[in-house]
Amino acid sequence: MEISEVKQILEALLFVSERSLSLKELKDILKSDYSDTDNIEKILNELKEEYSVLDKPYEIKFVADGWIFATKPEYSPWIKKLFKEKTILKLSPSALETLAVIAYKQPIVKAEIDDIRGVESSGVIDTLLERKLIKTVGRKETLRRPLLYGTTQDFLKHFGLAHLSELPLISELSHD
């Protein structure tokens, strides 16, 4: 199979998928027809670069440990109008604060979140779990073995991050 054909297949897969596709998934799909699956990441990066120079409202991005076809952020006002019946994920200040604590300190138990925030966080944690922005990632090896919380792939996707390493450093955040 020619590289140009592989590019078109990858474009088609990303176009029809409603979620990001991992490199492993894409390799698994192509492996029976394309022997050089180690080259797929290079091809995806080439596609990403090709789309970045086109004057189009969409792009190929690496988000939440996978590849996705996405519209550029500057078109979101019009897209929101189209999908106005869908509820936009809105988070209260307390939910954002709790989510930030979990993102930066994970894995973390509820008692530690409460200590950092200075208030009880059960309701907010339940909301974040419901919205699949956080998940339980195990139990702490202490008395009573409390649940440990961490962020999810949906968290990365919602904030447009490929990895947690893309979170800004705490020292870079403004306190205005």
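Listing for the model above:
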{"read-out": "Test set (1) under 21 Å from the mean Cα position of the chain (by Cα); (2) of a type in the set (Gly, Ala, Ser); (3) modelled with pLDDT under 85 - Ser22 fails condition number", "value": "(3)"}
{"read-out": "Matching residues in the range 1-19 - criterion: being modelled with pLDDT under 90 and over 24 Å from the mean Cα position of the chain (by Cα)", "value": "Met1, Glu2, Ile3, Ser4"}
{"read-out": "Count of residues meeting criterion [of a type in the set (Val, Ile, Thr) and within 24 Å of Phe69 (Cα to Cα)] in the range 135-176", "value": "2"}
{"read-out": "All positions within the range 34-93 that are part of a loop (DSSP other than H, G, I, E, B), of a type outside the set (A, V, I, L, M), closer than 23 Å to Leu167 by Cα and free of Cβ contacts under 8 Å to residues at least 12 places away in the same chain", "value": "Lys90"}
{"read-out": "Residue check, Leu91 closer than 27 Å to Ile170 by Cα and at pLDDT below 95", "value": "yes"}
{"read-out": "Among the candidates Glu141, Glu120, residue that is touching a helix residue (DSSP H, G or I) at 6+ places or on another chain (Cβ under 9 Å), free of Cβ contacts under 8 Å to residues at least 12 places away in the same chain and part of a loop (DSSP other than H, G, I, E, B)", "value": "Glu120"}
{"read-out": "Leading residue by the ranking (surrounded by the most Cβ atoms within 10 Å (Cβ to Cβ)) among those in the range 28-58 that are closer than 22 Å to Phe159 by Cα and touching a strand residue (DSSP E or B) at 6+ places or on another chain (Cβ under 6 Å)", "value": "Leu44"}
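The values are calculated or read from the model by the stated rules, or taken from the named source; none is laboratory data. Everything numeric here is computed off the predicted structure, so don't read it as measured data. Virtual Cβ from ideal backbone geometry, glycine too; neighbours counted across all protein chains shown.
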